[in-house]
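The values are calculated or read from the model by the stated rules, or taken from the named source; none is laboratory data. Because the structure is predicted, anything quoted here is derived from the model rather than measured. Note that each Cβ is placed from the backbone with ideal geometry, even for glycine, and that neighbours are counted across all protein chains shown. Only protein heavy atoms, including side chains, enter the accessible area calculation; ligands, DNA and RNA are left aside. Shrake-Rupley method; radii C 1.70, N 1.55, O 1.52, S 1.80 Å.
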Amino acid sequence: MKQIGFKNFRKFENFPMLTLGDITILVGRNNAGKSTMVKAILLLMDNLQGAGYNHYSTIKDDNHPAFRFDAAQPHNTHIGTFSRALNNNAKSDELMLEATFVDNRHDSQINQSREINFTISISITGDKSLNNSVASVSKIRITNNTENTVFVFDFVKNTMSVAMTEEVKQTILKDNQKLLKDWEVLRDTFKKETDPIAAAELSREMKELERRVASIKKSSVMKDFEVNTSLRIFNYIDNFDIVSNLISAFADYCDHPIEVKNKKSKEYKIEKENKLVLHGYAVNFARFANDVSYIISRKNIEYIYAHSVSQKALYSIDDANDYLAKTLHEYYKANISDNISVMTYISQWMQRFQLGHYVKITPIEGEGYTAKVVNTVSQEERHLADLGMGSIQLIVLMLRLAIAIQKYGKSVVKPTIIIEEPEQNLHPAVQSLLAEFFYDVNHTYGLHFVIETHSEYLIRRSQVVVAENSDNEEWKNPFAVYYFPEDDVPYDMKYTKSGRFEEKFGEGFFDTASELNMRIIRKERGL
């Protein structure tokens with residue numbers, strides 16, 4: 001996911017499209033909206049991927065696709081109902097979630113990777129007076145940012161349409177004008193030509209230009225037409241992959257016979273022209289639908305929320321409420337101990353964090369696990385429960401990232417890891433080192449991060465990473481920091497090459513330590 005934006009969702013009436021970095025850091029006061037942005041990402045992805053649905057709930061009774069606010073798998077956003085999701089000051093009962101995806105996939109036909117870039121916007125309507133967990137999708141808009149085409153599926157009007165962006169329209173217009181000028185030059189030359197063989201060749205070239213002009217004119221019809229779909233469209237939303245199947249509906253529409261019976265009617269002529277235009281784009285539509293399906297199905301979001309940890313000797317497999325027990329279970333089942341590369345990598349970082357060398361997980365009769373931290377130098381084994389709370393939470397973070405590396409290491413589409421307050425219970429020096437840890441994981445394995453934090457030390461260290469690398473012209477800064485003011489939309493802090501920020505943080509963050517120090521100085525000087 002490259003961008004996220006929304007309207008009338010929770011705290012924000014209008015949240016602008018924010019561009020995510022490889023490592024995006026969200027900072028601001030409590031209740032400033034950081035969690036709202038995270039919930040928007042999780043909620044949108046859960047619905048796009050069909051999380052929490054059964055076969056019969058994909059379509060609501062009103063023949064609109066359903067949008068759920070209560071899906072507990074794989075992420076529990078704790079929103080629950082449409083009325084809780086809708087902004088209190090919203091002027092209508094509609095909210096909108098929008099995201100841009102930019103990823104690569106291997107194309108076997110050209111034997112190389114190609115970029116896939118598209119934006120999905122979903123409008124959701126409901127009754128805020130009711131306590132419903134399911135709302136209706138009123139409109140889905142998908143923009144192919146590579147080919148500059150826009151698909152709109154309006155479930156209120158029961159129509160689907162496809163259009164070109166203004167940029168493509170202008171390109172077509174310019175191409176058309178150029179060809180017409182070329183044709184006029186040929187025509188003038190043809191009139192003066194006396195050699196019959198040369199004249200015949202000029203005539204052939206003129207006809208070829210006329211054919212190309214006609215083709216461009218026909219293509220330009222696509223810039224602004226709408227197709228009434230009746231109920232045909234709903235044959236494509238009986239499974240979870242709604243968006244890509246909707247796009248495929250255009251290709252299928254071309255293969256259906258024209259339903260208008262009167263061949264002399266205006267409606268028949270319009271539908272015939274529509275089919276002629278669409279038919280020329282059917283291959284593009286099919287490929288784009290496949291690309292959308294590929295990215296959505298493979299774009300995984302891991303949410304490491306702020307959690308407490310239990311200090312006990314035995315962690316039960318069945319304890320779904322114990323995040324540490326769940327992590328140990330998933331880590332063991334992933335067979336990461338068999339992957340020397342991942343084990344070595346995590347071991348190196350455990351040593352940098354002064355935690356030991358590796359975590360030894362032992363199953364107990366299929367009912368639970370014991371976990372010990374092993375120091376191979378001193379040959380010491382310590383129960384995880386005997387470590388401090390901060391160390392345990394740091395180990396949980398490292399194990400979860402190891403699981404993600406193992407699971408998605410060979411995937412072209414890398415996951416996004418959302419982490420809530422990774423600095424919990426950690427010493428300032430360790431908080432600072434987290435910035436380098438995230439940077440190294442991103443650089444080595446390509447994992448993307450969205451991090452909610454209140455840690456000044458983590459952000460300061462990211463500035464140092466930027467300052468130390470920005471002289472390398474080939475180096476790309478993976479960090480993006482967004483500050484969330486109390487009563488306004490977030491803004492990009494914008495790193496300079498020296499590692500400083502172009503913008504300023506709001507009061508109560510970077511300035512707090514300086515302000516307290518100044519109070520001490522004033523007291524010492526009797527001011």
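Kindly provide the set of residues from the stretch 283-321 that are under 28 Å from the mean Cα position of the chain (by Cα) and either open to solvent by less than 30 Å² (accessible area, probe 1.4 Å) or under 13 Å from A371 (Cβ atoms) (or both), ordered by number.
Selection gives F285, F288, A289, D291, V292, I295, I296, K299, I301, I304, H307.
Out of the residues in the stretch 410-468 that are among the acidic types (D, E) and free of Cβ contacts under 8 Å to residues at least 40 places away in the same chain, which is nearest to M1 (Cα to Cα)?
E436
Working only within the stretch 97-120, note down all residues that are of a type outside the set (V, I, T) and surrounded by fewer than 19 Cβ atoms within 10 Å (Cβ to Cβ).
Listed by number, the residues that qualify are N104, R105, H106, D107, S108, Q109, N111, Q112, S113, R114, E115, N117.
Take the residues of the stretch 484-493 that are open to solvent by 10 Å² or more (accessible area, probe 1.4 Å) and assigned to a strand (DSSP E or B): which is nearest to K11 (Cα to Cα)?
Per the criteria, the residue is Y491.
Pick from the stretch 329-355 the residues that are touching a residue at least 60 places away in the same chain (Cβ under 8 Å) and of a type in the set (F, W, Y): which of them is farthest from D440 (Cα to Cα)?
Y331
Which one of F505, F484 is hydrophobic (A, V, I, L, M, F, W, C), in contact (Cβ under 8 Å) with a residue 24 or more places away in the chain and touching a Phe, Trp or Tyr at 6+ places or on another chain (Cβ under 8 Å)? Spell out the reasoning first.
Numbers: F484 fails: touching a Phe, Trp or Tyr at 6+ places or on another chain (Cβ under 8 Å).
On inspection, the qualifying residue turns out to be F505.
Does K497 fit the bill of being touching an Asp or Glu at 6+ places or on another chain (Cβ under 8 Å) and open to solvent by 40 Å² or more (accessible area, probe 1.4 Å)? Quick ask: steps written out before the conclusion?
Numbers: touching an Asp or Glu at 6+ places or on another chain (Cβ under 8 Å): yes; open to solvent by 40 Å² or more (accessible area, probe 1.4 Å): yes.
The answer is yes for K497.
Select, from L394, L387, the only residue that is open to solvent by less than 20 Å² (accessible area, probe 1.4 Å), among the aliphatic types (A, V, I, L, M) and touching a strand residue (DSSP E or B) at 6+ places or on another chain (Cβ under 9 Å).
Unique residue meeting the criteria: L387.
Which of the residues belonging to the stretch 494-527 are in a loop (DSSP other than H, G, I, E, B), farther than 23 Å from G446 by Cα and not acidic (D, E)? Reasoning before the result, please.
We begin by selecting, within the stretch 494-527, every residue in a loop (DSSP other than H, G, I, E, B); these are 494, 496-500, 502-510, 525-527.
Keeping just the survivors that are farther than 23 Å from G446 by Cα gives 496, 498, 500, 502-510, 525-527.
Across the stretch 494-527, the qualifying residues are T496, S498, R500, K504, F505, G506, G508, F509, F510, R525, G526, L527.
Restricted to the stretch 445-465, and to residues that are surrounded by fewer than 20 Cβ atoms within 10 Å (Cβ to Cβ) and touching a helix residue (DSSP H, G or I) at 6+ places or on another chain (Cβ under 6 Å), which residue is nearest to A306 (Cα to Cα)?
If we take residues in the stretch 445-465 being surrounded by fewer than 20 Cβ atoms within 10 Å (Cβ to Cβ) and touching a helix residue (DSSP H, G or I) at 6+ places or on another chain (Cβ under 6 Å), then Y457 is nearest to A306 (Cα to Cα).
All but one of (1) open to solvent by 10 Å² or more (accessible area, probe 1.4 Å); (2) closer than 25 Å to D487 by Cα hold for T77, so report the exception by its number.
Here T77 clears every test but (1).
Conditions (1) under 28 Å from I120 (Cα atoms); (2) modelled with pLDDT under 55, marked per residue:
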{"residue": "L173", "(1), (2)": "yes, no"}
{"residue": "E184", "(1), (2)": "no, no"}
{"residue": "D188", "(1), (2)": "no, no"}
{"residue": "L209", "(1), (2)": "no, no"}
{"residue": "S220", "(1), (2)": "yes, yes"}
{"residue": "S230", "(1), (2)": "yes, yes"}
{"residue": "I233", "(1), (2)": "yes, yes"}
{"residue": "D238", "(1), (2)": "yes, yes"}
{"residue": "S248", "(1), (2)": "yes, no"}
